[in-house]
1. In the stretch 1-44, how many are among the β-branched types (V, I, T) and in contact (Cβ under 8 Å) with a residue 12 or more places away in the chain?
2. Among the residues of the stretch 1-14, which ones are charged (D, E, K, R) and at pLDDT 95 or above?
3. Would you check if I122 is within 23 Å of K186 (Cβ to Cβ), surrounded by 22 or more Cβ atoms within 10 Å (Cβ to Cβ) and not charged (D, E, K, R)?
4. What helices (runs of 4 or more DSSP H), lying completely within the stretch 126-189, carry at least 2 residues that are of a type in the set (S, T, Y) and surrounded by 15 or more Cβ atoms within 10 Å (Cβ to Cβ)?
5. Name the pairs: first residue in the stretch 66-92 and small (G, A, S), second residue assigned to a helix (DSSP H, G or I), Cβ to Cβ under 6 Å, at least 6 apart or on different chains?
6. For the subset of the stretch 78-92 comprising residues that are more than 9 Å from the chain's Cα centre (by Cα) and assigned to a helix (DSSP H, G or I), which member is nearest to Y12 (Cα to Cα)?
7. Out of everything in the stretch 97-116 that is within 16 Å of the chain's Cα centre (by Cα) and not in a loop (DSSP other than H, G, I, E, B), what residue ends up being farthest from I164 (Cα to Cα)?
8. Test S107 against the criterion of being of a type in the set (S, T, Y), without any contact (Cβ under 8 Å) to a residue 24 or more places away in the chain and out of contact with any Leu (no Cβ under 7 Å at 6 or more places or on another chain), and give yes or no.
Amino acid sequence: MKTMNWNEYLDYTHELLIADTPQPPYDNPDYHHYAKMNETRMRRWIKTNPVTEETAALIKRIDKPQHWVVITEPWCGDAAHIVPIIYLMSTLNDKISFTLQLRDSGSEIDSYLTNGSKSIPILIVRDEHDKDLFHWGPRPKEGQEMYLELAERKADFEEIKTAIQNYYNADKSLSTQKEIVELLSKVNP
């Protein structure tokens, strides 16, 4: 299983976009377009760095080594809004190591299914002995409820995509931070 650090993931995403002959599924114009938009979104989140003082304070208190693994793909719209935030959070404490796995390239996703599906992104937080402390994802509870309600009423893809995009823009990553901090505080009181 191949793992990447944050910069390798950004480079991988960019290389997909500039390749003369993009690899599948990026040879499909829709996937190529999603990845291009997502690259812009990821860079914007990194630049704006919305990590709150409350989030930072809790993460800085982590006193035992943790390994954060994120399962993702460049085409995933949810990941473009969530993975940069998780990465930024991980940089706040040198006891946290951070790696990414590509869902479709031999990742651990089959152990972290969401209602039987390979939904991403998934954050897995492990202790220094590689034991899972918790996992989280694929999106904050409110966003997940919105998604499930839209899917239940069979909304078309464009409506779902727009609603989820609007949700992330309005939420400004606060729900992602809050939910992960709550889980972290249970394993690092």
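The values are calculated or read from the model by the stated rules, or taken from the named source; none is laboratory data. All of these numbers come straight from a predicted model, not from anything done at the bench. Methodologically, a virtual Cβ is constructed for each residue, glycine included, from the backbone with ideal geometry; neighbour enumeration extends over all protein chains shown.
1. Of all residues in the stretch 1-44, those among the β-branched types (V, I, T) come to 3, 13, 18, 21, 40.
The next check asks that each one be in contact (Cβ under 8 Å) with a residue 12 or more places away in the chain; those that pass are 3, 13.
Within the stretch 1-44, residues that are among the β-branched types (V, I, T) and in contact (Cβ under 8 Å) with a residue 12 or more places away in the chain number 2.
2. Our first condition is that a residue be charged (D, E, K, R); within the stretch 1-14, this holds for 2, 8, 11.
Within the stretch 1-14, E8, D11 qualify.
3. Details: within 23 Å of K186 (Cβ to Cβ): yes; surrounded by 22 or more Cβ atoms within 10 Å (Cβ to Cβ): yes; not charged (D, E, K, R): yes.
The answer is yes for I122.
4. Numbers: elements: 141-152, 157-171, 174-187.
Qualifying helices (runs of 4 or more DSSP H): 157-171, 174-187.
5. A80/N38; A80/R41; A80/M42
6. My answer is L88.
7. Per the stated criteria, the residue is S97.
8. Numbers: of a type in the set (S, T, Y): yes; without any contact (Cβ under 8 Å) to a residue 24 or more places away in the chain: no; out of contact with any Leu (no Cβ under 7 Å at 6 or more places or on another chain): yes.
Criteria not met by S107.
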